[in-house]
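First the structure, in the form of structure tokens, and then the observations on it.
Please treat every number below as a calculation from the coordinates, not as lab data. Keep in mind that this is a model prediction, so the values were computed, not measured. Cβ: placed from backbone, ideal geometry, glycine included. Neighbour counts: every protein chain shown.
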Amino acid sequence: MAEPVFCRICTPALYAPANLGAQELLVGGGRILAIGPDLATAAQALGARDIDAPGRVMPGLIDQHMHFIGGGDGDGPLARMPELSFTDIASAGITTAVGLLGSEVEAKNLNQLLRKANELDRLGLTTFIYTGSMQLPAPFLTSSIRSDIVLIDKVIGAKSAIAERIFPNLDFPALAALAGELLQAKANSGKASLLHLHVGRLKTGLEPLFELMEKLDFPASMAVPTHINRSPAVTPLFEHGIRLAKAGGTIDFTCCLGPLDNLPVGLDPVAAVKRALDAGVAIENITLSGDSGVAVPDGAGGMCAVAPSILFRDVRRLVHEGRLSWDMALLPTTVNPARVLGLSGRKGVIAAGADADLLFLDEDDRIAAVMAGGRFVHGQTNLNPYGEAAAGGGISIRPKQTP
Ligand SMILES: [Zn+2]
């Protein structure tokens, strides 16, 4: 794997994600050491290399819902998708990734998921997993959901499902027991101990979550329901999501759920963000995740895997089609998921002391290079962990200037 670089990065457009304009960054030891308009003297004294980044520089993205070991199993034997590769995730600009199980539990399990998260971590990404699965009682790795979170660093919360007909998670006592375990895990570990909820198409929508909040005082900050951009023609979920977000909760829209990916039962995620904003939801209460690794119709009668690149596709679309500013469009995949995952200040932000997870765009707002933990994981032929030719433009590294 590439060594971490010690460098001074110069960009005309730094998004932290707030728009800071022309800035320089000093990166060393995997972290951002300093930000300022002119760090030349410090960089020279420390022997840092200079990197020119002609396009925008922004935080590496966070995807809190990825099927590392492949999903799609619920759509039949021909929809079982392969594992995601490090290259696919890194080149998509995702530097922090959370993996989970899908509907299959016969041939896929949490051991495989944890091993895959460790592999991706070893190659340079920051990874976590959710324990549990869609069904209740939930599977776990050690002796309970609570123990998994308390004892295993990579376990950051639990997945479950509501409003889903293929898993009978409609029993309030079972969901309440899981919520109680998460509250205990949070108290014991100090981790986010999130309840990551797949929300299916049943008309009950978020009612089970509202019941948890009302009867158990379960904090809205500990739940992230996903797939909220289901079509209002199918379920009242979107309206429930607006209600939750206005009450301080965070709602997650799924990139592949929409007509663009041959799923007309979903609202296009860009339209969903705009619609939520128009309804009075603050952008801080919205996250976006790719659901990569699942299967969607390929438009020719078959199925194809959702690629991790779908996340940046929709961040870019929020700007180019949705007319949001970059600093606003970045929040649902940087600062907001960092907050819900308990990673604020370390992830999803460019600030002194934060991890050096950076996304470099070219002049067409396409991904040119990606740095994770101070290492180039994409776009630099000499620093790529596999030594492959870099896809796309890349950026130039100059040798240290001698006086
Ligand atoms: Zn999923």
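Tabulated data for the structure shown
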{"read-out": "R0 of 45 Å, Cβ-Cβ distance Ala176-Ala351: FRET efficiency to nearest 0.05", "value": "0.70"}
{"read-out": "Residue order, fewest to most surrounding Cβ atoms within 10 angstrom, among Tyr15, Tyr130", "value": "Tyr15, Tyr130"}
{"read-out": "Ranked packing of 249-258, 231-240, most packed first, by mean Cβ within 10 Å", "value": "249-258, 231-240"}
{"read-out": "Spacing of the two label points (7 Å from each Cα toward its C-beta) at Ser85 and Arg115, in nm", "value": "2.0 nm"}
{"read-out": "Order by protection proxy (mean Cβ within 10 Å, highest first), peptides 352-358, 210-216", "value": "352-358, 210-216"}
{"read-out": "Radius of gyration and maximum dimension Dmax of segment 61-340, Cα, Å", "value": "17.1, 50"}
{"read-out": "Helix 310-320 axis, angle to the chain major axis (alpha carbon atoms, nearest 10°)", "value": "70 degrees"}
{"read-out": "Theoretical gain in end-to-end length, Asp365 to Asp278 [0.36 nm per residue, Cα-Cα removed]", "value": "28.7 nm"}
{"read-out": "Local electrostatic count at Tyr130 - Lys and Arg +1, Asp and Glu -1, tallied over other residues with Cβ under 12 Å", "value": "+2"}
{"read-out": "Packing-based exposure ordering (other Cβ within 10 Å, fewest first) of Lys246, Lys274, Lys154", "value": "Lys246, Lys274, Lys154"}
{"read-out": "Sorted by Cβ neighbour density within 10 Å, fewest at the top, the residues Leu110, Leu324", "value": "Leu324, Leu110"}
{"read-out": "Pairs of Lys in the chain closer than 20 Å at Cα, counting only those 8 or more apart or on different chains", "value": "15"}
{"read-out": "Net charge dipole size for the chain [Lys, Arg +1 and Asp, Glu -1 on Cβ; Debye, nearest 20]", "value": "500 debye"}
{"read-out": "Expected 222 nm ellipticity per residue - DSSP helices of 4 or more, -39500 (n - 2.57), all of the chain, to 500", "value": "-7000 deg cm²/dmol"}
{"read-out": "Two-site FRET efficiency, Ala300 against Val265, from Cβ-Cβ distance with R₀ of 22 Å, rounded to 0.05", "value": "0.70"}
